[in-house]
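The values are calculated or read from the model by the stated rules, or taken from the named source; none is laboratory data. Predicted model, so just to flag it, every value in this text is computed and none were measured. Positions of Cβ are generated from backbone atoms using ideal geometry, with glycine treated the same way; all protein chains shown enter the neighbour counts. All accessible areas refer to the heavy atoms of the entire protein, side chains included, with ligands and DNA or RNA removed. Shrake-Rupley method; radii C 1.70, N 1.55, O 1.52, S 1.80 Å.
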Amino acid sequence: MRALVNLLLILTAWWPEERSGLERHPVMGFDNLIIEDTSLAYDVLHYKLSLDVDIPAETLSVNAEITLNILEPADSLILHFVGMEIAGIDEDATPRSYSRVDSSLIVSLDRTASQGEEIILTIAYHGKPTMASGGFGRGLYIDSSQSDDAVTYTCNAPWAAKYWFPCQDNPADKATMEMSVTVPEGYEVISNGTLASADRSGSSWTFHWQEHHPIATYLIAFAASKNYALTQDTAWIDDTPLPIYHWVLRKDSAQVTPKLMRVKEIVEYFSELFYPYPFLDEKYAHVHFPVRGAMENQTCTHINTGIDWGDWDVIVGHELSHSWWGNATTCRKLKHMWLNEGFATYCEALWIEHRDGADAYQEYYEQEIAGVYLGDFQSRRYPILDPPWERIYSPLTYEKPASVLHMLRRIVGDDDFFTILVTYGERYQDSTALSEDFEAVVDEVTGQDYSWFFNQWLRAPGHPEYLVSWGVEPVGDSVRAILRLRQTQEWPPDVPIFRMPVEFGLVEGADTSFVSFIDSLRDQSFEVAIGGAPDEVIFDPEGNLLCGVEYSGIAEDEFYPPLSFVCSSISRGRVEYACGADQLIDIILYDVSGRRVECWKGLEPQGYLDLGQLPGGVYFLDVVGLTSKAHRVVVIK
């Protein structure tokens, strides 16, 4: 989903809190709206919706048949439904009593249904749909005008499906779906899946669509208009044809349709990069709707084709990639939204890389992904996981996690990275996933524990702010470059010290040499012997990181002169050292996470440290003299 100019940031102003089908609008009044419990009492298997949409009257009459499986014994079922008048509810032709509280529809079963029992509820209702008062998706909008751009459409993200049909409005529960929509003569109706039948006779036309793949409620959609022009195309994936449709306004078709046609190439490329298009037995479609954005409804993306999207490949690629990341594999909880939107945002860069090359990819990452997040001050305040609801669609869930994927790719390498995506996608296809599921796949494919990476980037706020300085010290016929790196981030208060592989480029004339280290301390120096003094030092020359960078130069007041200090680098517990200066020194010991382990004050310039009580591993020594400083790495076996 893409909202133009971060449309959804209006959530900070208001969002509906429902009361018995009506609404009031307190700022941030979410408690009665949010459903994040994945311990479901029942599992919806199938929705069968029969809608008669009276467009001139802007009303509808609906028969909703819901097939569900009982997961735990219950004498009543709680569905989600807002507005309209219910005519009756039956279970297998037997009337059932019900009540409505806030956005809940509570159906009494008049018995205790047992675990594993399959139940079919039929709910008849009618009226004018209530629309959600805030957010991107507001439910069903009926346009009765006769203008040449009138469209009746739905938009549900993230939880507005319940405003036009009763459901379990929770992304953790996916079900198959079919929808029959009856509209006045002349209207075409497009929905999810495949068109099973179309009756275009008489004064009312009926279209029957079927979605055979499990679908989350926020992706169930239809659009109806007398003003659509249809263009068709075909992509070929593993020798299988994929029908592609573009329903755009007739008046704009000549200008707009050519801008959408690249979808054929993009879907073929993503099918090679990930796995074959998940809905190959159905279709992929673009359908115009008049919202300032686009919405990745399963197999039928709604997009406002009246917007100048600039490079249309970007929005087309973003929404199409949701077919894998969001639709086939859906985030089980909304606060794991990065699994949908972060992945789709990163897919924008992947298409740019395929189309225009590696340099274009890097430029797009730095300007349109990392740059957008770094320019959004509010997104620095919170972690990617479990963001506040007003940030659920923001750079915190789009651009920052896309940057996390970029960094992960640079760390593990292309082979492992794309194996991770394929394994994750295929394992959770037609299902749901949490961040922990993706993280487990990363560990499985790489054979390493990447909790250190995900804990700091997903579960902590902010990003590293690096202050870089450097100097040189003659050593015989060569020089030693001393590279000092300080992490200066201090806001928000719980921003961590980041552990990341870092790279420096040492420029000497026309040549550049590269050196890499693991940085995990607030203040750390690295030393490297080189042939001559560099003309320039560049931090992160390949743009691997999401970070801020400043250079402080090598002025005395900004840089500690190096302290002559030697110590045993590999030890079984006793570390002997010697300092070239006749002065007392302080030594601070850190572990690889940057945690301060021990500190010794006023040590003699020669001696030893007893580290036998520490577990084996890599440690860092920070050695401070009166006017100079040294850093060393010690490995304890």
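Most tightly packed first, judged by the mean number of other beta-carbon atoms within 10 Å of their residues, the peptides 234-240, 400-406 read 400-406, 234-240.
Place +1 on the Cβ of every Lys and Arg and -1 on the Cβ of every Asp and Glu in the chain, take the dipole about the Cα centre, and give the residue among VAL633, ILE237, TYR141 whose Cα lies farthest towards its positive end. Comparing the listed Cα positions along the dipole, TYR141 ranks first.
Taking a point 7 Å out from the Cα of HIS46 in the direction of its Cβ, the residues of the stretch 176-204 whose backbone N falls within less than 18 Å of it are 176-181, 192-197.
Could you rank SER571, SER516 by how accessible they are, 1.4 Å probe, largest area first? Write out the running numbers ahead of the final one.
Working: SER571 5, SER516 80 Å².
Largest to smallest exposure gives the sequence SER516, SER571.
Solvent-accessible area of TYR608, all protein chains in place: 120 Å² (probe radius 1.4 Å, heavy atoms, ligands and nucleic acids excluded).
The length gained by stretching the chain between ASP311 and ASP149 to full extension, at 0.36 nm per residue less their Cα-Cα distance, is 56.0 nm. When VAL372, VAL633 are compared by accessible area at a 1.4 angstrom probe, the order from most to least is VAL633, VAL372. Projecting the Cα atoms of VAL181, GLN524, PRO493 onto the charge dipole of the chain, computed from C-beta unit charges around the Cα centre, puts PRO493 farthest toward the positive end. Of the GluC sites (Glu not before Pro) found in the stretch 458-531, those in coil by DSSP whose Cβ has at most 10 other Cβ atoms within 10 Å are GLU490.
Only one of the values [x] 57, 27, 20; [y] 62, 45, 29; [z] 36, 30, 28 was calculated from this structure for semi-axes √(5λ) of the Cα gyration tensor in Å; name its label. Computed from these coordinates, semi-axes √(5λ) of the Cα gyration tensor in Å corresponds to label [x]. Candidates SER104, GLY413, THR194 compared by Cα position along the dipole of the chain: farthest toward the positive end lies SER104, with charges placed on Cβ. By the rule of a C-alpha distance below 20 Å, with chain neighbours fewer than 8 residues away ignored, the lysines paired with LYS226 are LYS251.
For a quick check of understanding: with a 1.4 angstrom probe and all protein chains in place, what accessible area in square angstrom does ASP359 have, to the nearest ten? Roll a 1.4 Å probe over it and ASP359 shows about 130 Å².
Would you mind checking the tilt of helix 338-356 against the longest principal axis of the Cα atoms of the chain, expressed as 0 to 90 degrees and rounded to 10? For 338-356 against the chain, the angle is about 80 degrees. Kindly express, to the nearest 10 degrees and within the range 0 to 90, the angle between helix 435-446's C-alpha long axis and the longest C-alpha principal axis of the chain. Tilt of helix 435-446: around 50 degrees. Backbone geometry of the stretch 399-415 corresponds, through the Karplus equation with coefficients 6.51, -1.76 and 1.60 at θ = phi - 60°, to 3J(HN,Hα) couplings of 6, 5, x, 4, 5, 4, 5, 4, 5, 4, 4, 5, 7, 8, x, 4, 4 Hz, x marking Gly and Pro. In the chain, the portion of solvent-accessible area held by carbon and sulfur atoms comes to 48 percent [1.4 Å probe, whole percent, DNA, RNA and ligands not counted].
Place the peptides 76-88, 180-192 in order of packing, highest mean first, counting for every residue the other Cβ atoms within 10 Å and averaging per peptide.
Numbers: 76-88: 18.7, 180-192: 20.8.
Descending packing order for the listed peptides: 180-192, 76-88.
Using the Karplus relation 6.51 cos²θ - 1.76 cosθ + 1.60 with θ = phi - 60°, the per-residue 3J(HN,Hα) values for the stretch 185-197 come to 3, x, 8, 9, 10, 10, 9, 6, x, 10, 7, 6, 6 Hz, with x marking Gly and Pro. In this rough spin-label picture, where each label sits 7 Å from Cα along the Cβ direction, the LEU195-SER552 distance is 6.7 nm. For the stretch 63-137, a simple Cβ point-charge model (Lys and Arg +1, Asp and Glu -1, everything else neutral) yields a dipole of about 360 debye relative to the Cα centre. When only the Cβ of Lys, Arg, Asp and Glu is charged (+1, +1, -1, -1), the dipole of the stretch 333-431 relative to its Cα centre reaches about 540 debye.
Over the chain, average the accessible area per residue using a 1.4 Å probe and give it in Å², no decimals. Could the numbers behind the result be given before it?
Values: 24600 Å² over 637 residues.
In whole numbers, the chain has 39 Å² accessible per residue.
Could you tell me how far the Cα centroid of the stretch 299-334 sits from the Cα centroid of the stretch 428-455, in Å? For the stretch 428-455 versus the stretch 299-334, the Cα centre distance is 23 Å.
For the pair ASP415 and GLU366, the difference between a 0.36 nm per residue extended length and the Cα-Cα distance amounts to 15.4 nm.
Backbone geometry of the stretch 279-289 corresponds, through the Karplus equation with coefficients 6.51, -1.76 and 1.60 at θ = phi - 60°, to 3J(HN,Hα) couplings of 10, 5, 8, 10, 6, 9, 9, 9, 9, 5, 9 Hz, x marking Gly and Pro. Accessible surface of HIS286, taken over heavy atoms with a 1.4 Å probe and every protein chain present, rounds to 0 Å². Helix 312-321 axis versus longest C-alpha principal axis of the chain: approximately 80°, rounded to the nearest ten.
Let me check against my output: what whole-number percent is the relative contact order of the stretch 381-445, with C-alpha pairs under 8 Å and at least 6 apart? Here the relative contact order equals 24 percent. When ARG100, ARG572, ARG380, ARG427 are compared by accessible area of protein heavy atoms, the largest-first order is ARG572, ARG427, ARG100, ARG380, using a 1.4 Å probe. For the pair GLU353 and SER564, a Förster radius of 56 Å applied to the C-beta separation gives a FRET efficiency near 0.75, rounded to the nearest 0.05.
Output the pairs from LYS162/LYS283; LYS259/LYS283; LYS128/LYS162; LYS400/LYS629; LYS48/LYS162; LYS259/LYS400 with a Cα-Cα distance over 24 Å in this structure; if there are none, say none. Mind showing how you got there, number by number?
Working: LYS162/LYS283 26 Å; LYS259/LYS283 19 Å; LYS128/LYS162 14 Å; LYS400/LYS629 36 Å; LYS48/LYS162 15 Å; LYS259/LYS400 28 Å.
Beyond 24 Å: LYS162/LYS283; LYS400/LYS629; LYS259/LYS400.
A cut-off of 5 Å between modelled amide H atoms, ignoring neighbours fewer than 5 places along the same chain, links PHE565 with GLY580. Remark: the stretch 421-555 carries a charge dipole of roughly 340 debye about the Cα centre, counting +1 on each Lys and Arg Cβ and -1 on each Asp and Glu Cβ. On the beta carbon distance between TRP236 and ILE530, with R0 = 60 Å, the FRET formula returns roughly 0.65.
For THR59, which sequence-distant residues (separation of 5 or more, or a different chain) have an amide H within less than 5 Å of its own amide H, given hydrogens modelled in the peptide plane? Answer set, sorted by chain and number: ASP54. As a calculated quantity, the FRET efficiency between ARG459 and GLU490 at R0 = 22 Å, using C-beta atoms, amounts to about 0.70.
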